[in-house]
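Visitor: First, the structure itself, so that you have it in front of you.
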Amino acid sequence: MELSKRGGGMRFIAVDLETANPRMSSICQIGIVTFENGKEVDAEVRLVDPLDYFDPYNVAIHGITQEQVQGAPCFTDLHAWPTWMSCFQLGL
């Protein structure tokens, strides 16, 4: 989470990850929401191909299926995603 105080307000980013199975490395969706002064100002969601199997238990929780992520980038391909990169920079 990134906290930044500018102009007297607070800005932070919340990151949510969903996984295809119990393995923490099986990320199948990334959600990033930016808040400023307690209000949502930006949100983005990306499907990710985990290159792994989908456990029915996980699918029942988040509803994301293997068919939905076909053709999506794998996690290592997201290194240049602008929203992802902004999570690691000051001044959002």
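Visitor: Kindly list the number of the only condition in (1) more than 22 Å from Leu78 (Cα to Cα); (2) in contact with a strand residue (DSSP E or B) (Cβ under 9 Å, 6 or more places away or on another chain) that fails for Asp49.
Guide: Every condition holds for Asp49 apart from (1).
Visitor: Take the residues of the range 1-27 that are closer than 14 Å to Phe75 by Cα and hydroxyl-bearing (Ser, Thr, Tyr): which is modelled with the lowest pLDDT?
Guide: The qualifying residue modelled with the lowest pLDDT is Ser25.
The values are calculated or read from the model by the stated rules, or taken from the named source; none is laboratory data. Quick caveat: nothing in here was measured; it's all calculated off a predicted structure. With ideal geometry, Cβ positions are generated from the backbone for all residues, glycine too; neighbour counts draw on all protein chains shown.
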